[in-house]
């Protein structure tokens, strides 16, 4: 019986050590995270993200690149926070519109994207296309539509238009300024 006692003691110590090393401290203390704390934890973090999105015909519709994407999955919805997102929309297999901003948030698997922080949208090719600048804009990528209620500056060469609120129909190359429009036009 005495020969089994040291072996049983060693096995017990190893088992206890493994249990302590594999158990999170909250479980050891009997503390469980609340549902709110659980929902705040990121499900996935991607650095140097590059995504491609295709239309029903299998052609590249748009791409999204970001320095970092932090993805959160909730019961009925999801959210992805983007750091320095860049989007490129294609028409006839050619890049047509480019967006850049400091940050963005995508909702419901990218159905709606809210860009904020020095948002720029450029019509390609540059130079020659127009440039849109605002502080925040909502984009519906699959519908190729964007809108904002913030102040917007549209420039093309020396010409400049400023207004409040804007709708952009990317697939139609059409921009509407909603109110308080002021323009400077250089005829040369």
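Scanning segment 101-131 for residues that are part of a strand (DSSP E or B) and either on the phi > 0 side of the Ramachandran plot or within 11 Å of the chain's Cα centre (by Cα) (or both) yields a total of 12. Would you point out which residue out of 137, 130 is closer than 23 Å to residue 68 by Cβ, in contact with a strand residue (DSSP E or B) (Cβ under 9 Å, 6 or more places away or on another chain) and surrounded by 12 or more Cβ atoms within 10 Å (Cβ to Cβ)? Sole residue among the options that is closer than 23 Å to residue 68 by Cβ, in contact with a strand residue (DSSP E or B) (Cβ under 9 Å, 6 or more places away or on another chain) and surrounded by 12 or more Cβ atoms within 10 Å (Cβ to Cβ): 137.
Looking across segment 50-91, the residues that are modelled with pLDDT under 85 and in a loop (DSSP other than H, G, I, E, B) come down to 74, 75, 76, 77. Residues of segment 36-49 that are modelled with pLDDT of 75 or more and surrounded by 11 or more Cβ atoms within 10 Å (Cβ to Cβ): 43, 45, 46, 49.
The values are calculated or read from the model by the stated rules, or taken from the named source; none is laboratory data. Every value quoted in this text rests on a predicted model; they were computed, and no experiment measured them. Please note: Cβ atoms are built from the backbone with ideal geometry, for glycine as well, and neighbour counts cover all protein chains shown.
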